[in-house]
Amino acid sequence: MIRTTHIAVLICLCLPPAGCREPEKKAWWEETKIDDLSPNSGDGRMQDKKLQTINFDLHIYEVPADNIKKIDEIRRTLDTRPFRFNSLTAFSSNSFSVYFGQLQTWNTITDLLLIAGAERRSRTSLLLPDGQTEDITVAGFDYPLTVYFTSSRGTKEGAHIGPGHLVMRIKAGSSPTLNDVANITIYPVFLVPLRNTIPQLNARTKLREFPFTPAAFGLNMSPGDFIFLSPEEYVTEKSSLGGLFFNNPRGNMFFQKDKRKPPEFKPCFRVYMLTCTEIIN
């Protein structure tokens, strides 16, 4: 269970870190909130749109840790301009990196992943109604721990959590101004498992969620667009946000390029490829 002394931290997520110091003046991207990552219409009011369903494919690969430098070639092939960040500096400091691609470069990226020794571990189809979210479990732990991360203020902080799950939360909404365009917001969240059938108790449990908003980002996506989410570098610190989100501390089996050699067990990290496949009006 989350320690009593930190319940207030988990409930009051919008409060600044403990202390009496004056808030620092922030850059414009550090003032952005999660909800701001999905833009409004030009006149500042959300326009009424027909309910949409946004369909995705999520591919999760694992790459041997000693091949982290081979991911650089993938990054050079893709783009970074479409993204909006809660905090660009904190996003990178937490060892998150994200890149944008389109259908014509998909095969190139998967070929580069093969060169890096990647193995695809899962493929999940997601159907998100307009404005709804989907949580993809990244890591689970049955013990309490402290997760260290860089806040939007640029300070190192620790969140006392567990037991529970670290998930990738994906929120999809229709564009207020454009057809066949979805506004996507993604960020890590710690979840406490829901074990009750009583709605009031479940609502209380949800208050103990901890969204890691410094690692949030958003963008517009159309069918055929995809994102490539990977670690900025291989983080060996197991209790860091980047380490928990990307690393597989147990390692996994990888096939060798030389077919005569047996598969080898190696430490590894995860990369995520999320593709928008269809937007249904």
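Annotations
- Of all residues in the range 199-243, those satisfying the criterion of being modelled with pLDDT of 95 or more, assigned to a helix (DSSP H, G or I) and either under 26 Å from residue 54 (Cβ atoms) or aliphatic (A, V, I, L, M) (or both) are 213, 214, 215, 241.
- Cβ pairs under 6 Å, 6+ apart, first in the range 89-106 and farther than 17 Å from residue 76 by Cβ, second in a helix (DSSP H, G or I): 90/214; 91/215; 94/215; 94/241; 94/242; 95/242; 96/215
- Top-ranked residue of the range 134-161 - restricted to ones that are touching a residue at least 40 places away in the same chain (Cβ under 8 Å) and among the hydroxyl-bearing types (Ser, Thr, Tyr), ranked as farthest from residue 193 (Cα to Cα): 155
- Taking the range 249-274 as the range and being in contact with a strand residue (DSSP E or B) (Cβ under 6 Å, 6 or more places away or on another chain) and within 16 Å of residue 138 (Cβ to Cβ) as the test, the residues that pass are 252, 268, 269, 270, 271, 272, 273, 274.
- Filter result for residue 124 (in a strand (DSSP E or B), within 23 Å of residue 222 (Cβ to Cβ), at pLDDT 95 or above and out of contact with any Asp or Glu (no Cβ under 7 Å at 6 or more places or on another chain)): yes
- Qualifying residue in the range 169-187 (condition: over 18 Å from residue 84 (Cβ atoms) and of a type in the set (A, V, I, L, M)): no
- Filtered residue count, the range 146-168, keeping only those that are in contact with a Leu (Cβ under 9 Å, 6 or more places away or on another chain) and either part of a strand (DSSP E or B) or acidic (Asp, Glu) (or both): 12
The values are calculated or read from the model by the stated rules, or taken from the named source; none is laboratory data. In this text the structure is predicted, and so the values were computed from the model without any measurement. Glycine also receives a Cβ, built like all others from the backbone with ideal geometry; neighbour counts cover every protein chain displayed.
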